[in-house]
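Shown next, in C-alpha cells, is the structure this report addresses.
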Amino acid sequence: MMVRVIRVRLDLSYRGTEFAGWARQPALRTVQGVVEDAIERVTRAGRLPVTVAGRTDAGVHARGQVVHVDLPPEAWQALPGRSARAPEEALVWRLAGTLPTDVVVHRARLAPPGFDARFSALRRRYTYRVADHPAARDPLRRDAVLWTRTRLDVAAMSAAVAPLLGLRDFAAFCRPREGATTIRELQELSWTRPDSGADAGLVVASVQADAFCHNMVRALVGASLAVGEGRQDVRWPERLLLARVRQPGVHVVAAHGLVLEEVVYPADDELAARAEAVRARRMDEEAH
C-alpha cells in the first residue's frame, strides 16, 4: 500500500567554507547531513532524505539552493505545536533554532504537484568573484572572493568564452564520471567588472546552464583566468572544448569564489512534464 506524503520545498543558503560539500559522507560535516539532521529533530519523523537542485563541492557557497523533502502528513500538521503559525512558517522557525549559523532556510512551502527539486529545474546560475587589485580586496569577504596578483583583461576573457555557449560536449572541462554525460547547454558565461554596488572593483563571472557536470564551472573559470592573465591566447578555451579531452593545462580554480545564486523552475503546470523529460533523458544518457 502506498503511503501518502506531503512534499515540501525548502529554499536555503549556506556558507560552504566549513563543509565537505553537499552530499552526506561518513564522519564528515556536509550540508546535506546538517539539513537532514535538523529536519529529523524538528519533525521527529526519523531520517528523511532531501533531494537537492544541484550538489555543491567542498567550499562552494549557495545563496539560492533548493531542496525538497517528503514528510508524513502527521509530522507536517504537528509542526505548529500550540502556536498559531502555519506549518510552513513553523518549519522555518524551528529549523532556524536547530541549524548552525552557516545554513539558513529562508522559506518552506508545499510543493506544487509534480515538483522535483533536481529534475524539474530549468537552469542553475552561479557567480564567481575575483579580486585582481589590492584596492578590491576585502578581508571580510576573503572566503568568498579569489585573490590574484595579475590584473585581468576582462574583454579578452569575454571574447574567449563566447564560442563555448550553446549545447556542447564539455568533456574538456569536467571531471569524468563513469556513465555520466558531459553534454550540457551553457546558456550564459559572461565576465564583467562592476563599477558600483557590492561587487565594485571585482571581476565577476555569471555562469548559467541547464545543469553542470562535476568541476565544470571552476574549470571554465580557470580557463578564462589563463586568458585574462595573458598565459593563453583568446582561442585557447575553444580549442580545449573541441578537443573533448581533459588536458593538464585546464586548472580548476579554488572553490571559495563560487556561489550558487539561483535555480529556476517552469510554471507549476509544467513541473511534472519537465521532471519526467529530464529524468528520462538522464537515464538514457547513462544507459549509453
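Read-outs: derived from the displayed coordinates by stated rules, not from any lab. All of these numbers come straight from a predicted model, not from anything done at the bench. Note that we place each Cβ from the backbone using ideal geometry, even for glycine, and neighbour counts take in every protein chain shown.
Relative contact order for the chain: what is it in percent, counting Cα pairs under 8 Å that are at least 6 residues apart?
Dividing the mean separation by the residue count of the chain yields 23 percent.
Picking from VAL92, ALA58, ALA45, whose Cα lies most toward the positive end of the charge dipole for segment 6-120 (charges on Cβ: Lys, Arg +1; Asp, Glu -1)?
VAL92
In whole percent, what relative contact order does segment 21-89 give with Cα contacts below 8 Å and a gap of six or more residues? Before the final figure, lay out the partial values.
On the way: 73 pairs, mean separation 18.4, N = 69.
Relative contact order for segment 21-89 comes out at 27 percent.
Given +1 on the Cβ of Lys and Arg, -1 on the Cβ of Asp and Glu, and no further charges, what dipole in debye does segment 6-120 carry about its Cα centre, rounded to the nearest 20?
Working: 16 positive and 12 negative charges, 25 e Å.
Here segment 6-120 has a charge dipole of around 120 debye.
Expressed in whole Å with the largest first, what are the equivalent ellipsoid semi-axes of segment 123-262 derived from the C-alpha gyration tensor as the square root of 5 times each eigenvalue?
24, 16, 13
For segment 151-201 and segment 42-86, what is the separation of their Cα centres, given in Å?
Segment 151-201 and segment 42-86 have Cα centres separated by 32 Å.
Which loop trypsin sites (Lys or Arg not before Pro) in segment 43-80, with loop taken from DSSP, have no more than 13 other Cβ atoms within 10 angstrom of their Cβ?
Filter output for segment 43-80: ARG44, ARG47.
Tell me the volume per residue, in Å³, of the convex hull enclosing the alpha carbons of segment 6-120.
In segment 6-120, the Cα hull volume divided by residue count equals 94 Å³.
Could you give P(r) for segment 45-84, binned at 10 Å from zero, as whole percent values over all Cα-Cα pairs?
Pairs per bin, as whole percents: 22, 36, 29, 12.
I want to verify the translational diffusion coefficient of the chain in µm²/s; compute it with Stokes-Einstein, Rh as the Kirkwood radius over Cα pairs, at 25 °C and 0.890 mPa s. Don't skip to the end; give the middle numbers.
Working: Rh = 20.4 Å.
D = 120 µm²/s.
Would you work out the relative contact order for segment 123-262, in percent, from Cα pairs under 8 angstrom that are 6 or more residues apart? Please report the intermediate quantities before stating the final value.
Details: 280 pairs, mean separation 52.2, N = 140.
Relative contact order comes out at 37 percent.
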